[in-house]
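A.B. asks: One structure, as structure tokens, below. Some questions next.
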Amino acid sequence: MKNLLLLSAFLVFSFTSFCCYSQGNALKAAMFSIEQRQKNDKMSCLKKKIANTIIYGRLIGTSQGGYKSKAIKHISWYKVQDLFYALVSFKSNNTYKKNKEYLYGGWNLSSDDFDVLKNYFEEANSKGDFFWKYIKPYKVSCD
């Protein structure tokens, strides 16, 4: 009788843990699928924003990172309606992908203020420091 009780307790425990384990895996798979879809939707949205900036915007200048810059390859400056944007291309590093462009800005500046921003970037001793302080906080997102 004792063995029968132990066997039935083992079977009940095994069944419930198998049931819950497989439900847990199904939940994890569903969550992963949702996260991947959201990531793909976000990437698609950002690609559209970059494309729209290039198509509908007016290229008003470019700035090179220079041979001393370890991170920034170049910045293409655009004006879309009354807003200024920086389309930044990075050199290869751990954070950003090589030859992939990232969109920053949405600055509502006068042309003179924009020229000051662009010139300060070009004259900065550290293009990376300037980028982190004055451009990176204005990353365009789809959130």
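Bear in mind these aren't lab numbers, they're just calculated from the coordinates by the rules spelled out. Note that the coordinates shown come from a computational prediction; the quantities given were computed from them, not determined experimentally. Heads up, the Cβs are rebuilt from the backbone with ideal geometry, glycines too, and the neighbour counts pull from every protein chain shown.
A.B. asks: Report the full-extension gain for the segment residue 49 to residue 81: residue separation times 0.36 nm, less the Cα-Cα distance, to one decimal in nm.
C.D. replies: Gain in length upon complete extension: 10.1 nm.
A.B. asks: Sort the following peptides by mean Cβ neighbour count (other Cβ atoms within 10 Å, averaged over residues), highest first: 65-77, 107-119. Mind dumping the intermediate values first?
C.D. replies: Details: 65-77: 16.6, 107-119: 13.1.
Ranking the peptides 65-77, 107-119 by packing returns 65-77, 107-119.
A.B. asks: Would you grab the residues whose amide H sits under 5 Å from the one on residue 72? Only those 5+ places off in sequence or on another chain, please, with H modelled 1.01 Å from N.
C.D. replies: For residue 72, the qualifying residues are 91.
A.B. asks: So if each residue of separation counts as 0.36 nm, and I subtract the Cα-Cα distance between residue 29 and residue 119, what length gain in nm does that give? Working shown, then result.
C.D. replies: Working: separation 90, 0.36 × 90 = 32.40 nm, distance 4.96 nm.
Difference between extended and current length: 27.4 nm.
A.B. asks: Using Cα-only point scatterers and the Debye equation, what is log10 of I(q)/I(0) for the stretch 57-138 at each q in 0.20, 0.21, 0.23, 0.26 Å⁻¹, rounded to two decimals?
C.D. replies: Reported log10 I(q)/I(0), two decimals: -0.86, -0.95, -1.14, -1.43.
A.B. asks: Enter the Cα centre distance for the pair the stretch 104-132 and the stretch 48-84, rounded to the nearest angstrom.
C.D. replies: 11
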